[in-house]
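Report on the following structure.
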Amino acid sequence: MIGAWATRGYGRESHIRSGAMDRRIGRSRLRRRLQFDLVKPETLNTAAAGVPTGPSPSAAISMSGVVKRFGPITAVDGLDLEVPSGVCFGLLGPNGAGKSTTMRMLTAQALADEGEISVLGYPMPQDSKQARLEMGVVPQLDNLDVELTCRQILSVFAWLYRVPRSEREDAIDRALRIANLVPRAGTIVRELSGGMRRRLLVARGLIHRPRLVLLDEPTVGLDPQVRQELWTLIDGLRAAGTTVLMSTHYIEEAERLADTVAVMSAGRIIAQGTPGELVRAHAGERVLEVFGTPTQLEQMSEQASRNGWASRRSGPALAILRAESFDGDAPRGIMRPANLEDAFVALTGEEIE
Amino acid sequence: MSFETGTTRPSVAGEPAAVGEPAAGVRRVGRLEPAALAGVMSRDVAIFGRNWRSTTFSSIVQPTVYLLAFGLGLGTLIARVQHVSYVQYVATGVVATAILFSSAFPGMFNTFVRWQFQRTYDAILAAPVDVEELVTAEVLWISLRASVYGLAPLLVGIAFGLPPEVGMLLVVPIGFVTGFGFACFGVAIAAVAKTIDNFSYITSAVLTPLFLVAGTFFPISKATNEGLWVAAQFNPLYHCVELVRNATFGDLGPGDLYHAAVLIVFALLMWRLAVSQLGRRLID
């Protein structure tokens, strides 16, 4: 898959040549490399540098004060979210945080009880159909027709997305190439592997070249190799200037793909920034991992809270955040750079994959 | 090619499309768009291409069995009903049964399976298709099919001596309107059903009486049983049977406008009911 892109000029290097895109990609790559080396936010900033503070007319997605209830359960509870055009925006949160409901409200498949939503500038839900025409959706759950072939499925969606008749075949071929499914074009979905089905779902959402793509937990349940393939695919989308909103509960996915990450918990955004910014703001620069028996770790944890240190259990160790500020009184342990998982746990109090 | 921007939309960050207006070259979508209907139906056609044998088999064999059992079985006891032989009488009546079964059942089961089990409707509604278009397209396809399947009992009847009539071709539009109404009825039932097992209540308590008290197997006349006749006026299938019989035997008259009107009103009412009921369930 990666090879296929490279031969058609979708390898990353091919993007380093032109203008704004060049700088954005360059910074993005820099961020990934230097994220834990305490580079100042502004130097590693990505498109998120342009994150507006108020509502912006150029935002791809704008949600303010959005509330969605299901009976007694409030799934989304006063959500404010602004996704600028042209970035890969990660919505990171544990299961049940309200990510999928948020995604469904963006296609008007769920209607907000309160608040305002606009997608690509179209007010929801009144103009949702127009917005859906110009965006692509990749659902969390496989909803492919198992009896149809890859080509048939893409053909149906080329119709639904109003791809002109004369361009339909080309669009289908292009989508098959994106998903690396050309040799499987005539295979019925039931006979595809899980990874192929997921790639077909992505291809289906891209058949009409949307300028915004919603990816709901794109790699959940996939094995590592397939996950890598999809990451390459998503990164290619972003590199081509498509706005991507991706929900995930995988820290690594958000860290590697997203220019900006919003951490969602209990139906609202509790923090937002580049992964580097989030780490520094909520976990500091360095983390001290102290190892010991469960009893020792218990005692250490109590000591940490007496000293006012933020700490969490991390497998066989106790991770103490903001270890850069220790002056000689630190317990013995291994110092490592803080990461997004530290920040996430500090923010939500929940362990995550 | 792959990810680069198409001519239909602006691409790079910082160069967004005019907000709130379709990007250059992107058209405005309207209500009940033919393209959306065709898209949903193209899926039905593709699936039909895979399972047309089984679908067609059951839609043709079932009414044929009724026709043989009642027509030939009871036909030995009953020589003529009204002015035709009993087998011809039943052949025309069973047309309505064929239409009912090939519209109400797909309306119920397809809808439930695609919505609940396969989540196909979730996928379709994430595209620029609304519930009204989805329901309309699904039902249009079912009723087109039902209108063709409605001809099957007549073909069998012709084999048993039913004289071919040009008026028989009217079975297609009659079947289409009736099928549309019953397919919508099925969709509405699927939307309110908690589980797929609940369909058996509808089948036994609603559909079976409907097709038995429709003048399919015995005449319903005001003179002999007024109560039944009044009840039949509320049964769309009765009006379908009357229309089919009059068309087939060349007896169409002004009274058939009444039957046609009832069928059209039934179809329209069920259509709105199906859209609203399924809409309530598909959109959270």
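Worth a mention:
- Complete set of residues in region B:96-119 that are buried (at least 24 other Cβ atoms within 10 Å of the Cβ) and under 23 Å from A:Ile207 (Cβ atoms): none
- Subset of region A:91-139 [surrounded by fewer than 21 Cβ atoms within 10 Å (Cβ to Cβ) and touching a helix residue (DSSP H, G or I) at 6+ places or on another chain (Cβ under 6 Å)]: A:Ala110
- Residues that are touching a Ser or Thr at 6+ places or on another chain (Cβ under 7 Å), within 14 Å of chain B (Cβ to nearest Cβ) and in contact (Cβ under 8 Å) with a residue 60 or more places away in the chain within region A:69-83 comprise A:Ala75, A:Val76, A:Val83, listed in sequence order.
- For A:Leu144, the stated conditions hold: it is in contact (Cβ under 8 Å) with a residue 60 or more places away in the chain and either over 16 Å from the mean Cα position of the chain (by Cα) or crowded, with 23+ Cβ neighbours inside 10 Å (or both).
- Residue check for A:Ala323: surrounded by 15 or more Cβ atoms within 10 Å (Cβ to Cβ), at pLDDT below 85, among the aliphatic types (A, V, I, L, M) and out of contact with any Pro (no Cβ under 6 Å at 6 or more places or on another chain): yes
Per-residue answers, yes or no, for (1) in contact (Cβ under 8 Å) with a residue 60 or more places away in the chain; (2) under 24 Å from the mean Cα position of the chain (by Cα); (3) within 8 Å of chain B (Cβ to nearest Cβ):
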site	(1), (2), (3)
A:Met135	yes, yes, no
A:Ser155	no, no, yes
A:Pro164	no, no, no
A:Leu176	no, yes, no
A:Leu200	no, yes, no
A:Arg204	yes, yes, yes
A:Leu212	yes, yes, no
A:Val220	yes, yes, no
A:Asp223	no, yes, no
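- Matching residues, region A:331-342, being surrounded by fewer than 15 Cβ atoms within 10 Å (Cβ to Cβ) and in a loop (DSSP other than H, G, I, E, B): A:Arg332
- Of the helices (runs of 4 or more DSSP H) lying entirely inside region B:73-152, the ones with 3 or more residues being farther than 30 Å from A:Ser155 by Cα are found at B:86-112.
- Scanning region A:84-111 for residues that are aromatic (Phe, Trp, Tyr) and within 10 Å of chain B (Cβ to nearest Cβ) yields nothing.
- Flag for B:Ala69 being at pLDDT 90 or above, among the hydrophobic types (A, V, I, L, M, F, W, C) and part of a helix (DSSP H, G or I): no
The values are calculated or read from the model by the stated rules, or taken from the named source; none is laboratory data. These figures come from a predicted structure and were not determined experimentally. So basically every Cβ, Gly included, is an ideal-geometry build from the backbone, and we count neighbours across all protein chains shown.
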